[in-house]
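Written below as structure tokens is the structure these notes are about.
The values are calculated or read from the model by the stated rules, or taken from the named source; none is laboratory data. What you see is a predicted model; the values in this text were computed from it and never measured. Note that each Cβ is placed from the backbone with ideal geometry, even for glycine, and that neighbours are counted across all protein chains shown. For the accessible areas, the whole protein counts, side chains as well, though only heavy atoms, and no ligand, DNA or RNA atoms are used. Shrake-Rupley method; radii C 1.70, N 1.55, O 1.52, S 1.80 Å.
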Amino acid sequence: MDFSYSPRTDELVGTLETFMNDHVYPAEKIYDAQIAANDNPHEQPQIMRDLQTKARELGLWNLFMTHDGLGAGLTNLEYAPLAEIVGRSIIGNETVNCSAPDTGNMEILAMYGTEEQKQQWLKPLLDCSIRSAFAMTEPDVASSDATNITSTIRRQGDEYVINGRKWYTSGVLDPDCKLMIFMGKSDPEGPTYRQQSMILVPSDAPGIEVVRDLPMFGFQDRLGHGEVQFTDVRVPAANMLGAEGDGFAIAQGRLGPGRMHYAMRAIGMAERALEMMCQRSLVRQAFGGPLADRGVVREWIARSRIEIDQIRLLVLKSAWLMDTRGNASARSEVAAIKVAAMEVAHHVVDRAVQTHGAAGVSNDTILARLYAITRALQIADGPNEVHLRTIARLEVKKYR
Ligand SMILES: Cc1cc2nc3c(=O)[nH]c(=O)nc-3n(C[C@H](O)[C@H](O)[C@H](O)COP(=O)(O)OP(=O)(O)OC[C@H]3O[C@@H](n4cnc5c(N)ncnc54)[C@H](O)[C@@H]3O)c2cc1C
């Protein structure tokens, strides 16, 4: 077993760390200030556009994209340490065009899109000249079970007519969001896993109304999580992604790598929180000495180090499995890291919040945001219980 990075990753890690230290961390507060000053809080602040230009110049662009000729040409295993580094900053992944939901949308366009769809949507997404959203979850049904989705996609002549209500459609409030990938039922009477389709919907199509701007634990994300009503929205038949009925299969393809990206970034969040915990505990004096000398704090620090290192190994194994045996072979491991990485990150952030006292719950540090993100990500992209169900099913199957 070789734990060293490939020469390519080694080089990119160096470039990325320098970029993060020199440009990204110093920009975090500027990013927040520019958003606060913008009339529209969902508009991309100028500092992000400047960071993206710089990242591109440095060859730090589309690092997540493993499909030939479209991104940096890395394997999942090579991308993993880089995703961890960008995950250390809340704004990191966007600077290198590796942020959800665009990454998942780009993956499925690369995998299932026609040449015309790729030219129209994938190319500008890879260039970051437009943004996108993924509209699957519905407020009225338990959407962790995607067979429950009730929205409809009905063929009428050369068009499809779309109806339904979606929510937590991340990114839809960004004025740069020009595309929505919509999931709905095209054949409600068909076999369960062939009832759904995915279709490409321009965000400005008549009949689309963003009715609500939803928060995440009170934080209003820059991307915006919209509740969106679709009423008789018409798109050309050529906008179907893959074939009618492919929706379920495409959703699986989309969520596999995406879950791994979340896990990789969660490790970065945990590392940042641990670093902050150590730094704070060294300077904060209570009852005659620094917090870092207290046994309980030392145990938090030690346990955090152990848990993070365990998770990193599992993430790297999953990435390796995806690269060498395909996404399907890594199903159990990918489900495991989505659960475990987010739980570990949340636990480490929680300890860091405690170590910071009141400062930990204020907005003076990034900890409160990290706390909300690592909690919400135990629901988004499939709740923990659904991933545990997958793991248990595969495990029990061995003994049936
Ligand atoms: C910040 C954020 C961003 C999001 N972004 C998007 C997006 O861009 N696009 C999109 O389509 N959706 C998005 N979502 C929605 C997300 O994917 C769903 O919330 C998630 O899939 C769960 O669906 P639900 O909310 O309908 O919960 P439900 O399906 O109602 O489930 C509720 C709870 O039931 C429990 N549960 C479910 N199944 C089981 C089981 N088998 N066994 C035991 N317990 C179970 C779980 O604890 C779960 O949390 C986002 C959510 C959040 C919080």
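Among the listed pairs LYS185/LYS338; LYS178/LYS317; LYS338/LYS397, those with a Cα-Cα distance over 25 Å are LYS185/LYS338; LYS178/LYS317. With all protein chains kept in place, the per residue accessible area of the stretch 248-397 amounts to 46 square angstrom at a probe of 1.4 angstrom.
Only protein heavy atoms count here; on that basis, with a 1.4 Å probe, TRP320 has an accessible area of about 110 Å².
Normalising the average separation of contacting C-alpha pairs (under 8 angstrom, six or more residues apart) by the number of residues puts the relative contact order of the chain at 14 percent.
The protection proxy used here, the mean number of other Cβ atoms lying within 10 Å of each residue, ranks peptides 289-295, 132-138 as follows, highest first: 132-138, 289-295.
Could you calculate the contour length gain from ASN384 to GLN220, that is, 0.36 nm times the residue separation minus the distance between their Cα atoms, to one decimal place in nm?
56.7 nm
Peptides 238-245, 186-193, 93-100, 29-36 ranked from most to least packed give 93-100, 238-245, 29-36, 186-193, packing being the mean of other C-beta atoms within 10 angstrom over each peptide's residues. Computed across the chain, the Kirkwood hydrodynamic radius from all distinct Cα-Cα pairs reaches 22.0 Å. For the chain, carbon and sulfur atoms together expose 52% of the accessible surface, with a 1.4 angstrom probe and every protein chain in place.
Spacing of the modelled spin labels on ASP68 and GLU299, each 7 Å from Cα toward Cβ, amounts to 5.5 nm.
Once the convex hull of all Cα atoms in the stretch 1-142 is built, its volume per residue stands at 160 Å³.
Please report, in cubic angstrom per residue, the volume enclosed by the convex hull of the alpha-carbon atoms of the stretch 131-241.
Looking at the stretch 131-241, the number lands at 95 Å³ per residue.
Take the Cβ atoms of TYR5 and LEU58, set R0 to 22 Å, and the FRET efficiency comes out at 0.80.
Here is the list for the stretch 214-261: chymotrypsin sites (Phe, Trp or Tyr not before Pro) lying in DSSP coil, each with at most 12 other C-beta atoms within 10 angstrom of its C-beta, are PHE217. Before I look further, what does the stretch 38-134 give for accessible area per residue, probe 1.4 Å, in whole square angstrom? Solvent-accessible surface per residue comes out at 36 Å².
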